[in-house]
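The values are calculated or read from the model by the stated rules, or taken from the named source; none is laboratory data. Every value quoted in this text rests on a predicted model; they were computed, and no experiment measured them. Virtual Cβ from ideal backbone geometry, glycine too; neighbours counted across all protein chains shown.
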Amino acid sequence: MMRLSVRAFLVAGAVCAAVSICTAYAADHPIPDFSSPDYGWLTVDDELKPMTTGPRPVRNDPRHPYYGNQSGTQPTFRISDTENPVLTEWSREIMRKSNAEALEGKYPYSFQSRCMPGGVPGQLAGVFEPVYFAQSDKEVLMMWQRDHVVRHIYVNVPHSENPRPSWYGESVGHYEGDTLIVDTIAISTRAPIDNWRTPHSEKLHVIERYRLVNGGYGLQGIVTLEDPVAFTAPLTVYQQWRREDYPMLESICSEGVNSYYGNDDASVPIADKPDF
């Protein structure tokens, strides 16, 4: 079984609560090394967190407090704040409809509970199972233990001329000092950007910056999202992971055609034609 030390994670998070005080680890390493068959990177925080300045990501409607599974009280559904100024009217309308369904008792969409891909950057808000990296001079793989999802990041190449939208889009990356910078476009609109069901359009452009922190025992990702259809301004958030020293375990998510909560269909996605 996995060894999850929530208390240790919270203590480490308190020390590095603001991104600005996290100390980079790999200052003397030309290319940061995130990969190992013996350890992965774990977060138990399913929020993409706000920076100290700039627009803030969506949280709960003030009229509907949110309590998660670890709050020590009765959990509630996420009712999103559609008045967040970073949202356009296009986004607000989509989220109002989702809120109305949740208030009527329908379990809100969650990629983890439905065994669906999380998209970019939504997959970064997945909790309780680690992500593993594999790096080469041509490609970086991000491999989540949960359902063994794999994301491909191609190194030192340009974007395709007309990439077809997909769950994880087309990601190209390069290294700058101690940081891996990833540029992603052509992201399918089927996955929201976070667990608050914040939507995006096919114009979403995501830049991620990954570096080691806390002496190499922490991983930090700073994510900037630009989407003129969904957002009134660029939105920058961050996520943090701690190193977990165990190899990837077998993890199968979907075992049937119902969602975890049984109130709607959640059939395993099946392609209508082969990829090649």
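Given the options GLU208, GLU202, name the one that is assigned to a strand (DSSP E or B) and of a type outside the set (Gly, Ala, Ser).
Details: GLU202 fails: assigned to a strand (DSSP E or B).
On inspection, the qualifying residue turns out to be GLU208.
Given the residues TRP196, TRP167, which is the only one that is more than 24 Å from MET51 (Cβ to Cβ) and of a type in the set (Phe, Trp, Tyr)?
TRP167
Under 19 Å from the mean Cα position of the chain (by Cα) and under 30 Å from ASN84 (Cα atoms), is that true of HIS148?
The answer is no for HIS148.
Could you go through region 73-84 and let me know if any residue there is out of contact with any Gly (no Cβ under 9 Å at 6 or more places or on another chain), over 24 Å from THR53 (Cα atoms) and surrounded by fewer than 13 Cβ atoms within 10 Å (Cβ to Cβ).
yes
Being over 20 Å from PRO130 (Cβ atoms) and among the polar types (S, T, N, Q) is the filter here, so list the residues in region 209-249 that pass it.
If the condition is that a residue be over 20 Å from PRO130 (Cβ atoms) and among the polar types (S, T, N, Q), then THR224, THR232, THR236 are the ones that fit.
Checking ASP183 against (1) touching a His at 6+ places or on another chain (Cβ under 9 Å); (2) modelled with pLDDT under 95; (3) among the acidic types (Asp, Glu), only one condition comes out false. Which one?
So the condition that ASP183 fails would be (2).
Can you name every residue in region 40-62 that is surrounded by fewer than 18 Cβ atoms within 10 Å (Cβ to Cβ), assigned to a loop (DSSP other than H, G, I, E, B) and touching an Asp or Glu at 6+ places or on another chain (Cβ under 9 Å)?
Answer for region 40-62, where residues must be surrounded by fewer than 18 Cβ atoms within 10 Å (Cβ to Cβ), assigned to a loop (DSSP other than H, G, I, E, B) and touching an Asp or Glu at 6+ places or on another chain (Cβ under 9 Å): GLU47, ARG59, PRO62.
In this structure, does LEU103 turn out to be out of contact with any strand residue (DSSP E or B) (no Cβ under 6 Å at 6 or more places or on another chain), at pLDDT 95 or above and surrounded by fewer than 16 Cβ atoms within 10 Å (Cβ to Cβ)?
yes
When ARG56 is evaluated against the numbered criteria (1) over 22 Å from SER201 (Cβ atoms); (2) in contact (Cβ under 8 Å) with a residue 12 or more places away in the chain; (3) not aliphatic (A, V, I, L, M), which criterion, by number, is the only one it fails?
(1)
Of the residues ARG146, ARG59, only one is modelled with pLDDT of 95 or more and closer than 19 Å to LEU48 by Cβ; which?
Numbers: ARG146 fails: modelled with pLDDT of 95 or more.
After ruling out the rest, the residue left standing is ARG59.
For region 195-243, which residues satisfy the criterion of being surrounded by fewer than 20 Cβ atoms within 10 Å (Cβ to Cβ) and of a type in the set (Asp, Glu)?
Passing the criteria: GLU202, GLU226.
When you scan region 245-258, do you find a residue that is charged (D, E, K, R) and at pLDDT 95 or above, even just one?
Scanning region 245-258 turns up at least one residue that is charged (D, E, K, R) and at pLDDT 95 or above.
When you scan region 85-100, how many residues do you find that are farther than 19 Å from TRP167 by Cβ, surrounded by 13 or more Cβ atoms within 10 Å (Cβ to Cβ) and touching a residue at least 60 places away in the same chain (Cβ under 8 Å)?
7
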